[in-house]
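The values are calculated or read from the model by the stated rules, or taken from the named source; none is laboratory data. These figures come from a predicted structure and were not determined experimentally. Ideal geometry is used to build each Cβ from the backbone, glycine not excepted, and the neighbour counts take in all protein chains shown.
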Amino acid sequence: MAVVEIKGQNGGLVFVFGPGTIDEYTTELKKRFEANPLLFQGFSVTFRGDPIKNLSSEELGSLQRLCLDYGLTLAVPHVSKPARERDAGGKDIIIKRTLRSGQKIIHDGSIVILGDVHESAEVIASKDIIVLGRLEGVVHAGCFGDLSSIVLALKLMPRQVRIADKISLPPSDSAPNDHPELAYIEEGNICVREYGIPRPGKKRVSI
């Protein structure tokens, strides 16, 4: 089996990943995309294959961004580790608990978490992510490329924030705010400000 097989299905594309490394997947996809760029533009793509379950969220994110760079859209979310939860798409969901280290939730829609998100926990949503607690882990809102998605937390102290194809690594010396904060896209960058009516000078991060 090839490292990545590309198949057509229901008007979109399916990338079936065989055994390989992130470097092999990236090289193979770039070779396919660059050989005929117009062939892929505008198609939605679904990732399949057991080997990609062993990739980290950062590695999967790099494959997502590569597809977006060549004009594809992401058809469905996908996760990498055994400790995960899947929910039916199309509706917002509420998680009434704290996400512990190593846990992951992925959902096609918005996610509201009534609890904390610990440092090595991950949350991935196609729309907004709202944490009514302390956010210290990795979050990816708008994972299908929705630049209007936001991340909101009562205590915003993430290890990484991703919105669509934009990534922000908060400065190590950035002190937590005592007020809820909102991360959003402005002029192509991820910015953070206190939640509420926008006020000049209250923007904390612009990367």
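Quick notes
- Beta carbons closer than 9 Å, at least 6 apart along the sequence or on distinct chains, pair a first residue in the stretch 105-117 that is acidic (Asp, Glu) with a second that is at pLDDT below 85 for Asp108/Val76; Asp108/Pro77; Asp108/Asp87; Asp108/Ala88; Asp108/Gly89; Asp108/Gly90; Asp108/Lys91; Asp108/Phe144.
- Within the stretch 177-203, residues that are farther than 21 Å from Leu132 by Cα reach partners that are at pLDDT below 80 and assigned to a loop (DSSP other than H, G, I, E, B) with beta carbons closer than 7 Å, at six or more positions or on different chains, in the pairs Asn189/Ile207.
- Selection from the stretch 100-117 of residues that are at pLDDT 90 or above and closer than 23 Å to Ser148 by Cα: Ser110, Ile111, Val112, Ile113, Leu114, Val117
- Some residue of the stretch 183-201 being in a strand (DSSP E or B), modelled with pLDDT of 85 or more and either touching a Gly at 6+ places or on another chain (Cβ under 7 Å) or within 17 Å of Asp92 (Cβ to Cβ) (or both): no
- Meeting the requirement of 2 or more residues that are under 20 Å from Ala141 (Cβ atoms) and at pLDDT 75 or above, the strands (runs of 3 or more DSSP E) wholly within the stretch 9-97 are 44-48, 93-95.
- Candidate set: the stretch 137-147, residues that are under 25 Å from His179 (Cβ atoms) and crowded, with 22+ Cβ neighbours inside 10 Å; chosen: the one farthest from the chain's Cα centre (by Cα): Gly137
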